[in-house]
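The values are calculated or read from the model by the stated rules, or taken from the named source; none is laboratory data. Source: prediction; values computed, not measured. Using ideal geometry, Cβ is built from the backbone for each residue, glycine included, and neighbour counts are taken over all protein chains shown.
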Amino acid sequence: MPHRGKHPEDGPHGVGEREAWVYMVLCSDGTLYTGWTFDLEARMKAHNEGRGARYTSGRRPVKRAYCEKVQSKSEALRREMAIKKMPGPEKRRLAAAYLARFEGGELPWEKSGKSTGSPGST
């Protein structure tokens, strides 16, 4: 079996050992999209240029609604799946808390002061 060369996304300790990010973006239609990446700023730019994900390409512009740094790709994938499995209200609370603390913004469903039935999310 041929030796696999060093991949640019591999960390100093091998495959999947590079720090990664799990994030949610708020789409222009009020929905949340959840994903992971090694480069958060490049991924946000890609989403807003229509190259980030099929889901977000027609829902631009997007705004970061949550992010969390994790220690590896495998941890990012696990956390992404955990967030995707959360009920909508729980995702919205997570995003709202992040925005209030770090971005100074508010989400569409907070403007009335009531929690609405929710925009969809992935």
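Out of all the residues in the range 53-84, which are hydroxyl-bearing (S, T, Y), part of a helix (DSSP H, G or I) and buried (at least 21 other Cβ atoms within 10 Å of the Cβ)? Reasoning before the result, please.
Residues of the range 53-84 hydroxyl-bearing (S, T, Y): 55-57, 66, 72, 74.
Next cut, part of a helix (DSSP H, G or I) only: 55-57, 74.
Within the range 53-84, just T56 meets the criteria.
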Count of residues meeting criterion [under 17 Å from G30 (Cβ atoms) and of a type in the set (G, A, S)] in the range 54-104: 6
Pairs where the first residue, in the range 76-90, is more than 17 Å from F38 (Cβ to Cβ) and the second is at pLDDT below 95 and not β-branched (V, I, T), C-beta under 7 Å, 6+ apart: G88/S118; G88/S121; P89/S115; P89/S118
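For (1) touching a helix residue (DSSP H, G or I) at 6+ places or on another chain (Cβ under 8 Å); (2) part of a strand (DSSP E or B); (3) at pLDDT below 95, each residue gets a yes or a no:
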{"residue": "G5", "(1), (2), (3)": "no, no, yes"}
{"residue": "P8", "(1), (2), (3)": "no, no, yes"}
{"residue": "R18", "(1), (2), (3)": "yes, no, yes"}
{"residue": "W21", "(1), (2), (3)": "yes, yes, no"}
{"residue": "V25", "(1), (2), (3)": "yes, yes, no"}
{"residue": "G30", "(1), (2), (3)": "yes, no, yes"}
{"residue": "T34", "(1), (2), (3)": "yes, yes, no"}
{"residue": "K45", "(1), (2), (3)": "no, no, no"}
{"residue": "R51", "(1), (2), (3)": "yes, no, yes"}
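Of the residues Y33, Y55, which single one is touching a residue at least 60 places away in the same chain (Cβ under 8 Å), closer than 17 Å to A76 by Cα and not acidic (D, E)?
Of Y33, Y55, the one residue that is touching a residue at least 60 places away in the same chain (Cβ under 8 Å), closer than 17 Å to A76 by Cα and not acidic (D, E) is Y33.
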